[in-house]
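Take a look at the structure below.
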Amino acid sequence: MLSHWFTPLDKSLALLAKNYCQLSHEDEKDFPVLTHSKLAIIGYDADFSNGIRRILYNFHNHFETIEIADIGNLKSKDTEFSIPAIKEIIDGGVIPIILGAPAHLIQKLRHRIDQKESTIFHISNRLPEYHADDQFEVLGFQRHLCGADRIANLEEVSKSSMSLAKMRAFPNIQEAVLRDTNLAHFDGNVIKLGDNPASIESNTSGLTCAESCQVMKNIGGSHRLQLLNLTNYEIIDERRQYASNLTMAEMLWYFLEGFSQKTFDHPLTNLKSIQTFVINSLDTDIEMNFIKNEKTGRWWLASENNYHACAFEEYLEASKGEIPDRLLRLLS
């Protein structure tokens, strides 16, 4: 069935990919059986994807316990052609890592899966266009690149969006937000131009390569993750493309590290070492139930049948009677 949608890797790249990925099964078919796979690498743009693969697969593999499949590149960039293939992989319980897909594909895909649980976490230096009924969070946007009206609108509809400055100022809150990532779309334009020279939309300021790797590691640790898409805006310059591909490959490596080190301490799946703290707000007449895992030191805010990842700083602020706006939005 995969052969309908995908073209397998060529022999030279497939040889490299074997350092990380399952490529074929017992009867030597061109595509792996995904039954036991946790992650599936998919190329949307073949040139962009293969450039990253050639670097990634030369890095040391620390993740042999993770079943990773590389199922090659999509035969067509047409959205309606691509979505059924990606949805089938998600429905099979495998997380697709897509390389090079545009944001609108992820938006359309969201409407084909369980929308109630699906939020797009868009990492970008600009505010993307979304429909009124979309659920999304934007992290890394820079105010001088965004209209004031767009920022004001984002603050009305978003629960956990963070500007670049806020991401840097509150790394623990950033980690908590990304710990709840569902559909992750990472635009390379959020990376500063010096670390991503092939992007025509990167700015002289932005996330560094190291910061981007940490973001990807946080996303890899999300227990809710259904999809990761990594894309970039390239110009035709071989040296610049290689430098950008190197950054992207490093980021993917740290995503895999975050995924491999995922801590199964969520209150819904692990009730061990759980401690509950109740805060009653006199100003808002709200009872807030915070959950802490004593073993890992991570925090959640409980609301009805859901748990939202939060940071100790947010709990501390709430305990002083100064409830963070983000927590109030999560409870609304």
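Taking label points 7 Å from Cα along the Cα-to-Cβ direction, R54 and A165 give a separation of 4.1 nm.
Quote to one decimal, in nm, the extra length available between H131 and E304 on full extension: 0.36 nm per residue of separation minus the C-alpha distance between them.
Extra length from H131 to E304 when fully extended: 59.5 nm.
Of the residues I123, H185, A69, the one whose Cα sits farthest toward the positive end of the charge dipole of the range 2-260, with +1 on the Cβ of Lys and Arg and -1 on the Cβ of Asp and Glu, is I123.
Mean residue ellipticity, 222 nm, helices only, the chain: the sum of -39500 (n - 2.57) across DSSP H runs of n ≥ 4, divided by residue count and rounded to 500, is -10000 deg cm²/dmol. Neighbour counting of Cβ atoms within 10 Å sorts the residues D114, D180, D45, fewest neighbours leading, into D114, D45, D180. How high is the relative contact order of the range 180-332, in percent, with contacts defined as C-alpha pairs under 8 Å that are six or more residues apart? Taking the mean separation of contacting Cα pairs over the length of the range 180-332, I get 18 percent. Remark: relative contact order (the range 2-260) = 19 percent; criterion is Cα-Cα distance under 8 angstrom and separation of 6 or more residues.
Annotation for the range 39-133: chymotrypsin sites (Phe, Trp or Tyr not before Pro) lying in DSSP loop with at most 14 further Cβ atoms inside 10 Å of their Cβ are F59.
Fully extended, how many nm does the chain gain between L316 and D47 (0.36 nm per residue separation, minus their Cα-Cα distance)? Contour length minus Cα-Cα distance gives 92.0 nm. When DSSP beta bridges are restricted to pairs lying wholly in the chain, around 40% turn out antiparallel. For the pair E88 and K272, the difference between a 0.36 nm per residue extended length and the Cα-Cα distance amounts to 62.8 nm. Which one is right for this structure if percent of Cα pairs over 37 Å apart is calculated from it: (i) 12; (ii) 9; (iii) 17? It is the one labelled (iii). Working from label points 7 Å from Cα in the Cα-to-Cβ sense, the A152 to D285 distance is 3.0 nm. Within the range 1-92, the GluC sites (Glu not before Pro) that combine a DSSP coil assignment with at most 14 other C-beta atoms in a 10 angstrom radius are E26, E28, E64.
Largest first and in whole Å, give the semi-axes of the range 274-331's equivalent ellipsoid, each being the square root of 5 times a Cα gyration tensor eigenvalue.
17, 12, 10
With contacts taken as Cα pairs under 8 Å and at least 6 residues apart, the range 274-331 reaches a relative contact order of 23 percent.
Quick note: the coordinates plus some simple rules give every number you see, no bench work behind them. Quick caveat: nothing in here was measured; it's all calculated off a predicted structure. Counting neighbours? That spans all protein chains shown, and the Cβs are built from the backbone with ideal geometry, glycine included.
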